[in-house]
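Q: Here's a structure for you.
No lab work stands behind these numbers, since they all come straight from the coordinates. Quick caveat, the model's predicted, so the values are computed rather than measured. Cβ atoms come from the backbone with ideal geometry, glycine included; neighbour counts cover every protein chain shown.
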Amino acid sequence: MPLSAREMLARMIRCEAEGEGSNGMKAVATVIMNRVHVNSGEYMRVCQGDLKKVLLQPYQFTCAMTVVGGAENPQNIFNMSPEQVHYEIADWALDGNRLWGVDDCLWYYNPFSPQCETYFPRNRTGVFYTRINEHCFYNPTPLYSQT
């Protein structure tokens, strides 16, 4: 049975940010929904406001990939079952809420170091905005609208 968009979002929140606390999970949910609602650039062109397309866009979220670097990725949204808190945050995001401080961000990543890079992704379409726990968050630069 195919997963609903809500179920997929709850699973992604768990997989990408479970250890990041409530604000970390809300920040990840905010970025995902920002990609759904962005009005220019790659995410608008490719995903067309469709949450499932955002979640499954190739090479965007490690947790949507069953194989990473040629090896099986057991920590993915197809293997994980969300808990009540993940559904609550998914519903919060689906209701239009955004976490203040990351409300325009389109990217995040865990650098596995104390430093966040100034630009992410490498094509310089995002510029560092804030860090929440282990994740660095990035706002779009003017270059993003050209993607």
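Q: Scan segment 75-98 and give yes if some residue there is polar (S, T, N, Q) and farther than 19 Å from Leu3 by Cβ, otherwise no.
A: The answer is yes, given that some residue of segment 75-98 is polar (S, T, N, Q) and farther than 19 Å from Leu3 by Cβ.
Q: Scanning segment 94-117 for residues that are closer than 18 Å to Cys47 by Cβ and in contact with a strand residue (DSSP E or B) (Cβ under 9 Å, 6 or more places away or on another chain), which turns out surrounded by the most Cβ atoms within 10 Å (Cβ to Cβ)?
A: Looking at the filtered set, the residue picked out is Tyr108.
Q: Would you mind finding the one in Gln146, Gln84 that is over 26 Å from Ser22 (Cα atoms) and over 17 Å from the mean Cα position of the chain (by Cα)?
A: Step by step, each of Gln146, Gln84 is checked, and only Gln146 is over 26 Å from Ser22 (Cα atoms) and over 17 Å from the mean Cα position of the chain (by Cα).
One line per residue, one yes/no per condition, for (1) within 14 Å of the chain's Cα centre (by Cα); (2) more than 15 Å from Tyr109 (Cβ to Cβ); (3) not in a helix (DSSP H, G or I):
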{"residue": "Arg14", "(1), (2), (3)": "yes, yes, no"}
{"residue": "Ala17", "(1), (2), (3)": "yes, no, no"}
{"residue": "Ala29", "(1), (2), (3)": "yes, yes, no"}
{"residue": "Met33", "(1), (2), (3)": "yes, yes, no"}
{"residue": "Asn39", "(1), (2), (3)": "no, yes, yes"}
{"residue": "Pro58", "(1), (2), (3)": "yes, yes, yes"}
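Q: When both residues are 6+ apart or on different chains and their Cβ atoms are under 9 Å apart, which pairs have a first residue that lies in segment 12-25 and is within 19 Å of Leu56 (Cα to Cα), and a second that is assigned to a helix (DSSP H, G or I) and polar (S, T, N, Q)?
A: Here the result reads Cys15/Thr62; Glu16/Thr62, each pair linking segment 12-25 to a residue that is assigned to a helix (DSSP H, G or I) and polar (S, T, N, Q).
Q: Quick one: in segment 118-146, of everything that is more than 18 Å from Ala27 (Cα to Cα) and without any contact (Cβ under 8 Å) to a residue 40 or more places away in the chain, which residue is surrounded by the most Cβ atoms within 10 Å (Cβ to Cβ)?
A: The residue in question is Tyr119.
For (1) surrounded by 13 or more Cβ atoms within 10 Å (Cβ to Cβ); (2) within 20 Å of Tyr109 (Cβ to Cβ); (3) out of contact with any Asp or Glu (no Cβ under 6 Å at 6 or more places or on another chain); (4) of a type in the set (Ser, Thr, Tyr), each residue gets a yes or a no:
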{"site": "Val54", "(1), (2), (3), (4)": "yes, yes, yes, no"}
{"site": "Cys63", "(1), (2), (3), (4)": "yes, yes, no, no"}
{"site": "Val67", "(1), (2), (3), (4)": "no, yes, yes, no"}
{"site": "Asn76", "(1), (2), (3), (4)": "yes, yes, yes, no"}
{"site": "Gln84", "(1), (2), (3), (4)": "no, no, yes, no"}
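Q: Please work out if Ile89 is buried (at least 19 other Cβ atoms within 10 Å of the Cβ), among the hydrophobic types (A, V, I, L, M, F, W, C) and touching a Cys at 6+ places or on another chain (Cβ under 6 Å).
A: no
Q: Picking from Ile77, Ile132, Ile89, which residue would you name as being among the β-branched types (Val, Ile, Thr) and under 22 Å from Gln48 (Cβ atoms)?
A: Among Ile77, Ile132, Ile89, only Ile77 is among the β-branched types (Val, Ile, Thr) and under 22 Å from Gln48 (Cβ atoms).
Q: Residue under question is Val31, and the condition is that it be over 20 Å from Glu83 (Cβ atoms) and in contact with a strand residue (DSSP E or B) (Cβ under 8 Å, 6 or more places away or on another chain); does it hold?
A: Yes, satisfied.
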